[in-house]
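To keep things clear, I will list the structure first and then write my remarks on it.
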Number of protein chains: 2
Amino acid sequence: MPEAKKIAVVGFGNIGSGVVKALREKRVAGLDLVKVIDIDLERKRPVRIPRKMLSPHWQDAVNDPKIDIIVELIGGIEPARTIISRAMEKGKDIVTANKMLLAHQGQTIFSLASTLGRRVGFRASFVGCHSLIHEFQTAGSAAKKFRRIHAILNGTSNYILSTMTRDGKTFDEALKEAQASGLAEADPSDDIDGVDTANKIRILLNLITNSYQTVPDFQIEGIRNVTPQDIQYAGELGYAIKLVGVIEQVGDSIAVGVHPALLPQTSLLGSLQGAYNGTELEDEYGVISGLVAPGAGVYPTTDAVIKDLVDIAEGRPLPMPSSADPLNLGSTQMAERRYYLRFSVLNQAGVLARICDIFWKHNISIAGVIQKEPVSSKFVPVVMTTYMAKEKDMQDAIKAVDRLAVAKAATRLIRILSANT
Amino acid sequence: MPEAKKIAVVGFGNIGSGVVKALREKRVAGLDLVKVIDIDLERKRPVRIPRKMLSPHWQDAVNDPKIDIIVELIGGIEPARTIISRAMEKGKDIVTANKMLLAHQGQTIFSLASTLGRRVGFRASFVGCHSLIHEFQTAGSAAKKFRRIHAILNGTSNYILSTMTRDGKTFDEALKEAQASGLAEADPSDDIDGVDTANKIRILLNLITNSYQTVPDFQIEGIRNVTPQDIQYAGELGYAIKLVGVIEQVGDSIAVGVHPALLPQTSLLGSLQGAYNGTELEDEYGVISGLVAPGAGVYPTTDAVIKDLVDIAEGRPLPMPSSADPLNLGSTQMAERRYYLRFSVLNQAGVLARICDIFWKHNISIAGVIQKEPVSSKFVPVVMTTYMAKEKDMQDAIKAVDRLAVAKAATRLIRILSANT
């Protein structure tokens, strides 16, 4: 049995308290907590530790030669970046839950780790899908390639969409409910506007390509504009609406996006309820694997931190992007998929025919139409689903439809992501 | 870079050909195929290898001091057990896909491996759920315990049940269709009678408890008696019928079983279609993780073999039961769950009241009842679901119901396994 690894936890908030509690009370073999850093040492915590282990200065952890591993749990870019970089330069390994830092400064962190031969464990930054990607990566780049990843990576958004679907609530009502039950923050924009999902997609893309290059900006659309009407139409067609992060091979390059999508109700992702995360990976042979797991929360995040610590203590390699190769990202414009469209058009003879004509000219075939008899309004909602079509053709066609005099509001487009599971 | 590991593949059938092809054509770093053994060297294979690599004698692989790893792909108990044991005694590591051997002689193999310090990779023996269990195990026994595992581990059965559900087919019709499309064997009994699922459950139990003690016999019920009628009633209640392997904590011991079960249609396992496998694990804190993956087939099995080889080559520890501790298995009689019951009773006044009375005396509360108006028959099917009840109480109650003069056939009981995902 090698000597126990000496650990400092930097950031004694909710997750920090969970990690400290686990290390103190579970006494995991090979892990020895020796220092806890936080600028606020007066606040009450759910775990008691000796005063002499505490310090308000992160330098006390980073400069202590006895410490082997720094657990960074303060979040945000600075001082987290400085703490992690200095600690690696001092020969320490790192465990972090810092999505923001890895999504935007991953290059700094991972290139330094590669240069210095240090390990960075970051399971906790995307707890919900880590093991699936890890398992896929194990076979090494020589063995196989992925074809696509579809992932639901934000529990708050999924909870809101689940509530809207189950109870027929509007987005605003469901958001208020999520806030009341503590599942959405007072300022929920990172969650509902897709920013958090996009951060995880950036980390995922780095991990799966093994390149630590910063992912350039890509299209991000959140769930503010998802309406009960669209959820109901989707349901009638056998689909659920979910916020999905997509990484896919398009030709020779990789396209990335975050947006609401229609998923079959009985698929792994389409059936995902509440605050869970789900990831579906299709490999180059069309074999699909999927993982469902909690994506956040004190306990799952704590658990992920402990797993990384155990892996480091037992000498297991941690998956970490280690190459400076370019990411070879392409546009989603050439991606082919199916679409859900809701037109807001005047209730006039010949409207449907004109839409069909525009679609035909853009190489788009219609798979299904729902047009209900209008009750009182002059406007009639027409819903269509298409067969596979190129993103570019679809967007051109919608522009043409929205230019028609009978179009009374912008056409609502939601992508359909079909899976085989 | 350490020297490449020299590998012998024993068993050049479908999976063996897949592994040989992958090692020859993909040229995975660190893996060097040097020998292929099969008693039949004349049959045509989808991959060409030099004649001098081939031998009909497994001893040529086991006794060759240059060979580091034996990949055993012949299946069955003997000579696989002898080959693996001899190879470990000669200092070689093992990769195997042999479910039958590990389920029934795992104790021999794993105790020898522990004694000799050899590694046995067996991802390929339960490809569909390996990574979930591996991830759970990583934190070590000090960190956490499982509460229950529900798993769909047999693709053939799941395909048959999916077909019955989708097309309203009988079991016999769906089985014939599966046989015609190559998804069920001419003698399908291992798959449809739950034997294959039970073998995987045995291996899973060894892995998750870290004990290599042989799992004693437990209750196994296959899918031959699942009727379109039960599938339809289950559907009306929001459930799908699946063949499920169950490992659960009941009090201080672990209960194990394989049987058909009702699962919510929108749950991870309830929505699993076709030949896929799915595993759901709930830990001691109630956190649920789930994995969906192909459970068989040349490609996924080959992939699992390659992953084990890469792990061995790169010096990663492989999960392997390594303790002789007793398994502490208990009876399912004290397990509490919900039940679906279909009674075949005479259409007489007061029958429902008598059933309810029997249930009341056995501490069983009724959650729902479906009794449709009889069309022409004297017998009326009555379907009930219960709230949580002890297995023993439930079975006693059914015995009492089946003794009633109005009972015209044995009551059909199917367990309901509810999940939160």
Whichever residue in segment A:310-320 is touching a strand residue (DSSP E or B) at 6+ places or on another chain (Cβ under 6 Å) and surrounded by 19 or more Cβ atoms within 10 Å (Cβ to Cβ) and, among such residues, is nearest to A:THR386 (Cα to Cα)
A:MET320
Would you confirm whether any residue within segment A:60-77 is under 30 Å from A:VAL256 (Cβ atoms), modelled with pLDDT of 95 or more and among the basic types (Lys, Arg)?
no
I want to confirm something. Restricting to segment B:385-418 and keeping residues that are under 20 Å from B:GLY270 (Cβ atoms) and of a type in the set (A, V, I, L, M, F, W, C), which single residue is farthest from the chain's Cα centre (by Cα)?
B:MET388
Which one of the conditions (1) surrounded by fewer than 18 Cβ atoms within 10 Å (Cβ to Cβ); (2) more than 20 Å from the chain's Cα centre (by Cα) does A:THR165 fail to meet, given that it meets all the rest?
(1)
Qualifying residue in segment A:297-310 (condition: in contact (Cβ under 8 Å) with a residue 24 or more places away in the chain, touching a Leu at 6+ places or on another chain (Cβ under 6 Å) and over 25 Å from B:ASN277 (Cα atoms)):
yes
Residue among B:PHE136, B:PHE146 that alone is within 14 Å of chain A (Cβ to nearest Cβ) and more than 30 Å from B:THR385 (Cα to Cα)
B:PHE136
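Rundown of residues vs (1) more than 30 Å from B:VAL287 (Cβ to Cβ); (2) in contact with a helix residue (DSSP H, G or I) (Cβ under 6 Å, 6 or more places away or on another chain), yes/no style:
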{"position": "B:PHE359", "(1), (2)": "yes, yes"}
{"position": "B:GLU373", "(1), (2)": "yes, no"}
{"position": "B:VAL382", "(1), (2)": "yes, no"}
{"position": "B:THR386", "(1), (2)": "no, no"}
{"position": "B:ALA389", "(1), (2)": "no, no"}
{"position": "B:LYS392", "(1), (2)": "no, yes"}
{"position": "B:ASP396", "(1), (2)": "yes, no"}
{"position": "B:VAL406", "(1), (2)": "yes, yes"}
{"position": "B:ILE414", "(1), (2)": "no, no"}
So which of B:ILE364, B:ILE355 is in the same structural domain as B:GLN395 (by TED's automatic domain parsing), surrounded by 14 or more Cβ atoms within 10 Å (Cβ to Cβ), at pLDDT 85 or above and in a helix (DSSP H, G or I)?
B:ILE355
Can you name the residue in segment A:1-36 that is part of a loop (DSSP other than H, G, I, E, B) and within 12 Å of another protein chain (Cβ to nearest Cβ) and, of all such residues, is surrounded by the fewest Cβ atoms within 10 Å (Cβ to Cβ)?
A:ARG27
Among (1) surrounded by fewer than 15 Cβ atoms within 10 Å (Cβ to Cβ); (2) within 14 Å of chain B (Cβ to nearest Cβ); (3) in a helix (DSSP H, G or I), there is one condition A:ASP303 misses while meeting the rest; what is its number?
(1)
Please determine whether any residue of segment B:118-126 is closer than 23 Å to A:GLY315 by Cβ, in a loop (DSSP other than H, G, I, E, B) and within 19 Å of the chain's Cα centre (by Cα).
yes
Counting only residues that are touching a residue at least 40 places away in the same chain (Cβ under 8 Å) and out of contact with any Lys or Arg (no Cβ under 6 Å at 6 or more places or on another chain), segment B:73-100 contains a total of 8
Among residues of segment A:247-268 being within 10 Å of chain B (Cβ to nearest Cβ) and assigned to a loop (DSSP other than H, G, I, E, B), the residue nearest to the chain's Cα centre (by Cα) is A:LEU268
Counting only residues that are β-branched (Val, Ile, Thr), more than 30 Å from A:SER289 (Cα to Cα) and part of a strand (DSSP E or B), segment A:392-421 contains a total of 1
Lone unmet requirement of (1) under 27 Å from A:ASP311 (Cβ atoms); (2) touching a residue at least 40 places away in the same chain (Cβ under 8 Å); (3) at the interface with another protein chain (Cβ under 9 Å from one of its Cβ atoms); (4) part of a loop (DSSP other than H, G, I, E, B) for B:LEU318:
(3)
Can you name the residue in segment B:367-392 that is surrounded by fewer than 17 Cβ atoms within 10 Å (Cβ to Cβ) and either free of Cβ contacts under 8 Å to residues at least 24 places away in the same chain or of a type in the set (S, T, N, Q) (or both) and, of all such residues, is nearest to B:LEU417 (Cα to Cα)?
B:VAL369
Of (1) crowded, with 24+ Cβ neighbours inside 10 Å; (2) part of a helix (DSSP H, G or I); (3) at pLDDT 95 or above, B:ILE231 fails just (1)
So, B:GLU78, is that one charged (D, E, K, R) and farther than 28 Å from B:CYS129 by Cβ or not?
no
Scanning segment A:117-128 for residues that are within 13 Å of chain B (Cβ to nearest Cβ) and at pLDDT 75 or above, which turns out farthest from A:ILE15 (Cα to Cα)?
A:GLY121
Can we say B:ILE74 is surrounded by 19 or more Cβ atoms within 10 Å (Cβ to Cβ) and within 30 Å of A:LYS21 (Cβ to Cβ)?
no
Scope segment A:403-417; condition exposed (fewer than 15 other Cβ atoms within 10 Å of the Cβ) and over 17 Å from A:GLN229 (Cβ atoms); matching residues:
A:ARG403, A:ALA405
For B:ALA296, all conditions in the list (1) away from chain A (no Cβ under 14 Å); (2) assigned to a loop (DSSP other than H, G, I, E, B); (3) of a type in the set (A, V, I, L, M) hold save one; what is the number of the exception?
(1)
For B:GLY290, state whether it is farther than 30 Å from B:VAL47 by Cβ, within 10 Å of chain A (Cβ to nearest Cβ) and either of a type in the set (Gly, Ala, Ser) or in a strand (DSSP E or B) (or both).
yes
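The values are calculated or read from the model by the stated rules, or taken from the named source; none is laboratory data. All of these numbers come straight from a predicted model, not from anything done at the bench. No Cβ is skipped: glycine too gets one built from the backbone with ideal geometry, and neighbour counts run over all protein chains shown.
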